[in-house]
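One structure coming up, written as structure tokens, with questions to follow.
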Amino acid sequence: MISALKHLTPSSPMSLFENTIAQMQKAAKLMQLTPHIEELLSHPQRILEVSIPVKMDSGATKVFRGFRVQHNNVRGPYKGGIRFHPEVDMEEVKALSMWMTIKCGVVNIPLGGAKGGVIVDHTQLSARELEGLTRGYTRAIAPFIGPEQDVPAPDVYTNPQIMAWIADEYSMLQGRNKLGVVTGKPLAVGGSEGRNEATSQGGVYVLQEIVKNLGLNPKETRVVIQGFGNAGANVANLLDQAGFKVIGISDSKGGLYCEGGIHPQEAIACKREKGEVGECFVAGMEYTTNAGNACRKVTNAELLELECDILVLSALENQVTKDNADRVKAKFILELANGPTTPEADEILKAKNILVIPDILANAGGVTVSYFELVQNEANFYWSAEEVDQRLKAIMVSAWQHVDQLSKQYHCTLREAAFIAALKRLEEAMLARGM
Ligand code: NAD
């Protein structure tokens, strides 16, 4: 048993990091991973915890807690997003950093895994306070990041503006432009074409391959989407454009179900105006879309259990668990969020023949175009949207084909196969480097 799991008792709930290790162990056993490689990957290489003092608008100084975990860099510089969330903690950041190492291995890009987080409710900060917090966090982790060392990116409740502040602060500290310190920036300061939609687009490319192989008709394929931020709203749009029928959406405050279909652009405009998707399309007591489709409000718990073909999880981790997996009615789950399905839920879904397209493959389009952004920054030479898209599609389709082939070879789930793909590459790199 790996030492990271030592304190686990059968009755204690597993932390997200322990879930991640359990996922790796299943795949490691199937592929007979060299034992010391499994042990090395069970421990992040560096863990930082920082205090970030911010002068608030009131004049008082408030100190925030932040983290950066660098899991593994055997295949290239550490890479991973920064999350601003009131409930983020070190175990979560450790898990997310490990998934990044694995994800870069799945899509075979030369990067390692890291993740960052700051405990904060961003809705309680003014724009000036948010900028102060971002710049303070950047100064605190600056000695450990950089284009060749560790490259952050956006994650939950961080965005291109926040990335631009990080790039600016770090460049000022270095005394020269170092835009490649962070990805997911606005186009005006070294961002890449296609980065905003990349996570969702990558997932859609994989989904389209599966739908094509199974001979399904997108027009008759009903989609429910949990989460309506960068990943969720973009995937709604892209699936709608690809002809799929989006019938349910949700955000942190609740969801909306429209049997006749939701037009994502309408929903995006409505959320901008009303603040939550559950409040959209209100007409008297009836909920209708502009196209006249009847809708009703649903809770987030109900949304996950709606009758549909594809359930897209694009909010947070631990959403499908042993408590609700049995009631999921979708035929496929596309995991755009990281860690939305627990290991116990995976077993239940497998028994129900629900195909789970795992996070480490499904959402890897984000880090793939982040890698493109880093390459463009370092070369100071920028690609067209078409070039980015072509390269993204080639990588996602090839990663899907490889994972699909491994799942047949090892008679295992797509998650186990994706782990095997990554672990084989990590093992090869570690052994070649003499680890
Ligand atoms: P975001 O902040 O843009 O959006 C998060 C969305 O989830 C918001 O709409 C929020 O209201 C909603 N949400 C929060 N809690 C919810 C709940 N309990 N039920 C329903 N909805 C809820 O974040 P994002 O960038 O879209 O990230 C979403 C997920 O995708 C995260 O797990 C993230 O790690 C993962 N991811 C994002 C990227 C990326 O490039 N943005 C890349 C890979 C993975």
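Residue under question is Arg135, and the condition is that it be farther than 28 Å from Phe228 by Cα, open to solvent by 10 Å² or more (accessible area, probe 1.4 Å) and either within 13 Å of the ligand (Cβ to nearest atom) or basic (Lys, Arg) (or both); does it hold? Write out each step before concluding.
Details: farther than 28 Å from Phe228 by Cα: no; open to solvent by 10 Å² or more (accessible area, probe 1.4 Å): yes; either within 13 Å of the ligand (Cβ to nearest atom) or basic (Lys, Arg) (or both): yes.
So Arg135 fails the test.
Taking helices (runs of 4 or more DSSP H) that do not extend beyond the stretch 319-383, which have at least 3 residues that are closer than 16 Å to Gly203 by Cα and within 13 Å of the ligand (Cβ to nearest atom)? Spell out the reasoning first.
Values: elements: 343-351, 359-362, 365-379.
By residue number, 359-362, 365-379.
Kindly indicate which of Pro147, Pro154 is touching a Gly at 6+ places or on another chain (Cβ under 6 Å), of a type outside the set (A, V, I, L, M, F, W, C), more than 16 Å from the ligand (Cβ to nearest atom) and in contact (Cβ under 8 Å) with a residue 40 or more places away in the chain.
On the way: Pro154 fails: more than 16 Å from the ligand (Cβ to nearest atom).
Only one candidate passes the filter, namely Pro147.
Could you pull out the residue among Glu193, Glu266 that is over 27 Å from Gly80 (Cβ atoms) and of a type in the set (D, E, K, R)?
Details: Glu193 fails: over 27 Å from Gly80 (Cβ atoms).
Sole residue among the options that is over 27 Å from Gly80 (Cβ atoms) and of a type in the set (D, E, K, R): Glu266.
Looking only at the stretch 207-256, filter to residues that are in a loop (DSSP other than H, G, I, E, B) and either among the hydroxyl-bearing types (Ser, Thr, Tyr) or more than 11 Å from the ligand (Cβ to nearest atom) (or both); which one of those is nearest to the chain's Cα centre (by Cα)?
That would be Ser252.
Okay, residues lined up against (1) open to solvent by 10 Å² or more (accessible area, probe 1.4 Å); (2) closer than 21 Å to Leu431 by Cβ; (3) touching a residue at least 12 places away in the same chain (Cβ under 8 Å); (4) more than 16 Å from the ligand (Cβ to nearest atom):
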position	(1), (2), (3), (4)
Glu49	yes, no, yes, yes
Val54	no, no, yes, yes
Gly80	no, no, yes, no
Glu91	yes, no, yes, no
Ala95	no, no, yes, no
Cys104	no, yes, yes, no
Gly117	no, no, yes, no
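I'd like the residue in the stretch 163-200 that is crowded, with 24+ Cβ neighbours inside 10 Å and among the β-branched types (Val, Ile, Thr) and, out of all such residues, is nearest to the ligand (Cβ to nearest atom).
Looking at the filtered set, the residue picked out is Thr199.
Which of the residues that make up the stretch 138-153 are open to solvent by less than 10 Å² (accessible area, probe 1.4 Å) and among the acidic types (Asp, Glu)? Give the steps one after another, and end with the answer.
Looking only at the stretch 138-153, we keep the residues that are open to solvent by less than 10 Å² (accessible area, probe 1.4 Å), and these are 138, 141, 145-146, 150-153.
Once the filter is applied, which keeps residues that are open to solvent by less than 10 Å² (accessible area, probe 1.4 Å) and among the acidic types (Asp, Glu), the stretch 138-153 yields only Asp150.
Restricting attention to the stretch 244-258, report how many residues are open to solvent by 30 Å² or more (accessible area, probe 1.4 Å) and not hydroxyl-bearing (Ser, Thr, Tyr). First the steps, then the outcome.
Step one: of the stretch 244-258, the residues open to solvent by 30 Å² or more (accessible area, probe 1.4 Å) are 245, 252-253, 257.
Next cut, not hydroxyl-bearing (Ser, Thr, Tyr) only: 245, 253.
So the count comes out to 2.
Can you go through Glu87, Glu91 and tell me which one is out of contact with any helix residue (DSSP H, G or I) (no Cβ under 9 Å at 6 or more places or on another chain) and of a type in the set (D, E, K, R)? First the steps, then the outcome.
On the way: Glu91 fails: out of contact with any helix residue (DSSP H, G or I) (no Cβ under 9 Å at 6 or more places or on another chain).
When all the criteria are applied, what remains is Glu87.
Starting from the stretch 293-310, keep only residues that are open to solvent by less than 70 Å² (accessible area, probe 1.4 Å), then list their pairs with residues that are of a type in the set (D, E, K, R) and part of a loop (DSSP other than H, G, I, E, B) whose Cβ atoms are within a distance under 6 Å, requiring at least 6 positions of separation or different chains.
Asp309/Lys331
The values are calculated or read from the model by the stated rules, or taken from the named source; none is laboratory data. None of the values given here were measured: they were computed from a predicted structure. For neighbour counting, all protein chains shown are included, and Cβ atoms are generated from backbone atoms with ideal geometry for every residue, glycine included. Just the protein is used for accessible areas: all its heavy atoms, side chains included, with ligands, DNA and RNA removed. Shrake-Rupley method; radii C 1.70, N 1.55, O 1.52, S 1.80 Å.
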